[in-house]
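Report on one structure; see the data block that follows.
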């Protein structure tokens, strides 16, 4: 977590520099790599750690360690390519973590999140090859959106037995990203349109609205939510009964 903390602080400092206001440290390097530090350095390291905990194997913890080290090297006097190489290696390692996680659950949500990690690895490799940060904004955005989308898909098991819309949105976003890379003038509007559709759907159907429904007359009650939990769970629930119990406790 030290590397994630360093990336967060340095990324925020770089944001202040870009805004033209006072910042604790004046460094062109921090402002240049602000976006990479916040996505791959900070969020990427945290996600790697979260997935390593889910995997629960000692080797998995090497992935967030490499990611944090890459973030630190990116803001240090070391060559930029060294930090980017470690960040790319960490995202490739994250893909390796997702494989046994998918075998455990066979869940679409895991596939979507793994696709996000693939976008992150692609962004890091493109940066490593000399592509400017402005040209990989779509890749970094897709990484964040697909990771969040996968997590919302996991939670949507609480309110529906099968969600086919979010996997379709993830596929459409990936196609839009590839089009944007080849033909930006066509791809960016398509990319934005998919994001708008996803946002509208989540506003209307996200599991967070379930709490509001429960407070309305005739809405979802605690007993109803408990009844849906066995449907919401995946194979990990059957392997770990405490997981479903923990969800019921939070409800």
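Which order do the peptides 47-59, 84-96 come out in when sorted by mean C-beta neighbours inside 10 angstrom, highest first?
So the peptides 47-59, 84-96, ranked by packing, come out 84-96, 47-59.
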For segment 1-89, calculate the relative contact order in percent as a whole number, restricting contacts to Cα pairs under 8 Å that are 6 or more residues apart. 31
Give me the one-decimal nm value for the distance between modelled label points at residue 76 and residue 18, 7 Å along each residue's Cα-to-Cβ direction. 2.5
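Read the figures in this text as sums done on the coordinates, not as results from a lab. Source: prediction; values computed, not measured. Cβ atoms come from the backbone with ideal geometry, glycine included; neighbour counts cover every protein chain shown.
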